[in-house]
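The values are calculated or read from the model by the stated rules, or taken from the named source; none is laboratory data. Computed from a predicted structure; not experimentally measured. With ideal geometry, Cβ positions are generated from the backbone for all residues, glycine too; neighbour counts draw on all protein chains shown.
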């Protein structure tokens, strides 16, 4: 059967189970968009290519499937770069298809030509320029395989226009064969046996779970491990939801804005079990002082994550879920009663930390941003899918919304991309049309991709945007307050649009609360309104996120309220 | 931890952009490259790259792990401390006046090099050897006057077990 490149692409996308694509057409994708119309794959036309990638990313984070986006050459592709880097830093499986100028024009500085393969090399797991139509099906197959396997990540496929138009015999590709790519899923059994012995010997063990647990679908196994061994669990920002946030064994988030008890327990534990984490600087603080009394066990599918930032006693390369399954089996053979019988002292100490320094804020006449998130948690019974922008809004969402399930907290952790939350919410809503999807935003970051309200309206994606509006770029202002003598250089955003009118201009509903007693009614009204809503909460302007560990300080040395 | 020299040899896919991925990884992550050699192998689908880098133990582990993550890196080996053969090559253009020609020829003989081009005022010497030998030769030729030099990085192969 002779097919064009564009038709072959559709065949392979269908084979890969793609049901939604986020994209923006241009001269170099007309052929693909043309053929896309003939399939039952839904295409969501965004208003900026960055949003296409974030939407695909949001879709991937809540479904665990590969997110797909389609952008044109040149500016279309460069606009996508921030989204690609965001997904790369958080290990999110994406396939980004970009159109490219015809092969004979490549290198000519042709209209809308950029070397996007060159540009995205350091921020993709792998990328391809498709040299001819004969290679297309194989490359697309490989792209999906690479994106979703091992440590997931974004893969870009750049398809020149003439390759999209050229015809060739199409036969469905067989299995993907890559001679040098074989991620290690099965953990080393001997190492796991050693791990059991270390757990048995530990007096003050602590589990530190990250995004890898969620990506490997290992939350159930993690929960079982923690509960059977009574080991408390703290999570990275990316790991929130991997273990139920409302479980008594949960210590909440670790790191620069982690809870007091989580940060303190890393200083006192004698065994730290890192699972699907990478010990980045926002978590460890000063690395020399991090978990200084502890032996560290590190489970991760990416060997390069192990011993990158902290020394490790037992490295275990493998899939988190598989490793936890084997570990739980080994632990069944043990006397769990004996193993946990003096855990009380350790848990009591942690509980004392909790009593001493709870996450707290003082209720005043103005609306406190934390109060808005708390109310949101109450009203949604903790069941909403929460996306965030980046900065204070993100940290308050992480601290005050207690995630009990994986895939419900969608945030740009590694890259910290402002403008992520709204398009990611759209992607999550596409994946689960009936779910309640809320973007917790700041007044600064929402303006970075506010144009996507038009996309929300066009496809009737009923996302709710909660703006914690403090008229500042709040997190930078907080640093300026604490470390730069209150010199608020360039962080005051005192000319923002009227978000209520802006919502209305897009055809959405806009609501506003300026006093604490209005918070609940506005939230209720906003959440109950069908269709997209923007809620503008005028919050206390100079509220800070606490606890806070100054950059480079030991993680146990926190500034508290 | 002390920095040591490491010779990393790798087989990679012989495709456009592969070298850029590897070099980009070094520059992007702040790794060091002392020298780099690339050429196709017997199998035209693969190239061999030899990189000499200076790093401490932890860092070289990270460099190797990051390189292995690249889809196009088929095989990688650190030849440091293992039994391997290592060579560099240089073409050295030296000033050769009548009064120092004899001395140059003696050195060429001692170092088992070859004169591959001769002019009224210069010789071009072709030399191969280990990094140490090349440095010794260059140091001895310097006072005579090196006009130009083209040098390869180290290439290395693991000795087959007997």
Strands (runs of 3 or more DSSP E) contained entirely in the range A:207-290, each with at least 1 residues that are surrounded by 23 or more Cβ atoms within 10 Å (Cβ to Cβ) and touching a residue at least 40 places away in the same chain (Cβ under 8 Å): A:250-253, A:271-275
Considering residues of the range A:121-135 that are closer than 25 Å to residue B:29 by Cβ and out of contact with any strand residue (DSSP E or B) (no Cβ under 7 Å at 6 or more places or on another chain) only, the residue farthest from the other protein chains (Cβ to nearest Cβ): A:123
All positions within the range A:284-323 that are more than 20 Å from residue A:148 (Cβ to Cβ) and within 14 Å of another protein chain (Cβ to nearest Cβ): A:287, A:288, A:298, A:306, A:307, A:308, A:309, A:310, A:311, A:312, A:315
Those residues of the range B:9-21 which are more than 10 Å from chain A (Cβ to nearest Cβ), closer than 19 Å to residue A:115 by Cβ and either touching a helix residue (DSSP H, G or I) at 6+ places or on another chain (Cβ under 9 Å) or crowded, with 18+ Cβ neighbours inside 10 Å (or both), in sequence order: B:18
All positions within the range B:72-104 that are free of Cβ contacts under 8 Å to residues at least 12 places away in the same chain and part of a loop (DSSP other than H, G, I, E, B): B:81, B:98, B:99
Matching option when the condition is surrounded by 14 or more Cβ atoms within 10 Å (Cβ to Cβ), more than 14 Å from every other protein chain (Cβ to nearest Cβ), in contact (Cβ under 8 Å) with a residue 40 or more places away in the chain and in contact with a helix residue (DSSP H, G or I) (Cβ under 9 Å, 6 or more places away or on another chain), among A:184, A:168: A:168
Filter result (touching a strand residue (DSSP E or B) at 6+ places or on another chain (Cβ under 9 Å) and over 23 Å from residue B:36 (Cβ atoms)) within the range B:132-162: B:141, B:144, B:145, B:147
Single residue of the range A:1-44 satisfying the filter (farther than 28 Å from residue A:149 by Cα and assigned to a strand (DSSP E or B)) that is modelled with the lowest pLDDT: A:2
Some residue of the range A:295-303 being touching a helix residue (DSSP H, G or I) at 6+ places or on another chain (Cβ under 9 Å), closer than 20 Å to residue B:57 by Cβ, modelled with pLDDT of 95 or more and surrounded by fewer than 19 Cβ atoms within 10 Å (Cβ to Cβ): yes
Members of the range A:526-544 found to be surrounded by fewer than 22 Cβ atoms within 10 Å (Cβ to Cβ) and outside any helix (DSSP H, G or I), listed by number: A:529, A:530, A:531, A:538, A:540, A:541, A:542, A:544
Residue that is farthest from the other protein chains (Cβ to nearest Cβ) [pool: residues in the range B:28-57 that are surrounded by 14 or more Cβ atoms within 10 Å (Cβ to Cβ) and assigned to a loop (DSSP other than H, G, I, E, B)]: B:34
Any hit, the range B:111-126, residues being under 18 Å from the mean Cα position of the chain (by Cα) and in a strand (DSSP E or B): yes
Residue check, residue B:147 under 25 Å from residue B:19 (Cα atoms) and in contact (Cβ under 8 Å) with a residue 24 or more places away in the chain: no
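So that you can scan it fast, the table gives a plain yes or no per residue for (1) over 27 Å from the mean Cα position of the chain (by Cα); (2) away from chain B (no Cβ under 14 Å); (3) assigned to a strand (DSSP E or B); (4) buried (at least 24 other Cβ atoms within 10 Å of the Cβ):
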position: A:87; (1), (2), (3), (4): no, yes, no, yes
position: A:98; (1), (2), (3), (4): no, yes, yes, yes
position: A:110; (1), (2), (3), (4): yes, yes, no, no
position: A:119; (1), (2), (3), (4): no, no, no, no
position: A:137; (1), (2), (3), (4): yes, yes, no, no
position: A:142; (1), (2), (3), (4): no, no, no, no
position: A:147; (1), (2), (3), (4): no, no, no, yes
position: A:175; (1), (2), (3), (4): yes, yes, no, no
position: A:179; (1), (2), (3), (4): yes, no, no, no
Meets criteria (under 19 Å from residue A:11 (Cβ atoms) and within 14 Å of another protein chain (Cβ to nearest Cβ)) for residue A:163: no
From A:523, A:468, A:461, A:511, residue being surrounded by 18 or more Cβ atoms within 10 Å (Cβ to Cβ) and assigned to a loop (DSSP other than H, G, I, E, B): A:461
Those residues of the range A:471-506 which are within 12 Å of residue A:541 (Cβ to Cβ) and assigned to a helix (DSSP H, G or I), in sequence order: A:474, A:477, A:478, A:481
Where residue A:405 falls short, out of the listed (1) more than 18 Å from the chain's Cα centre (by Cα); (2) surrounded by fewer than 17 Cβ atoms within 10 Å (Cβ to Cβ): (1)
Residue among A:454, A:398 that is surrounded by fewer than 24 Cβ atoms within 10 Å (Cβ to Cβ) and part of a helix (DSSP H, G or I): A:454
Residue match in the range B:75-86 (condition: away from chain A (no Cβ under 14 Å), crowded, with 19+ Cβ neighbours inside 10 Å and modelled with pLDDT under 95): yes
Flag for residue A:77 being touching a helix residue (DSSP H, G or I) at 6+ places or on another chain (Cβ under 9 Å), crowded, with 24+ Cβ neighbours inside 10 Å and over 19 Å from residue A:112 (Cα atoms): no
Breaking point among (1) more than 14 Å from chain B (Cβ to nearest Cβ); (2) touching a residue at least 40 places away in the same chain (Cβ under 8 Å); (3) crowded, with 24+ Cβ neighbours inside 10 Å, for residue A:27: (3)
Hey, residue B:60 under 16 Å from the mean Cα position of the chain (by Cα), within 14 Å of chain A (Cβ to nearest Cβ) and not in a loop (DSSP other than H, G, I, E, B) or not: no
Odd one out for residue B:25, checked against (1) in a strand (DSSP E or B); (2) surrounded by 15 or more Cβ atoms within 10 Å (Cβ to Cβ); (3) within 14 Å of another protein chain (Cβ to nearest Cβ): (1)
Test result for residue A:421, in contact with a strand residue (DSSP E or B) (Cβ under 9 Å, 6 or more places away or on another chain) and at positive phi: no
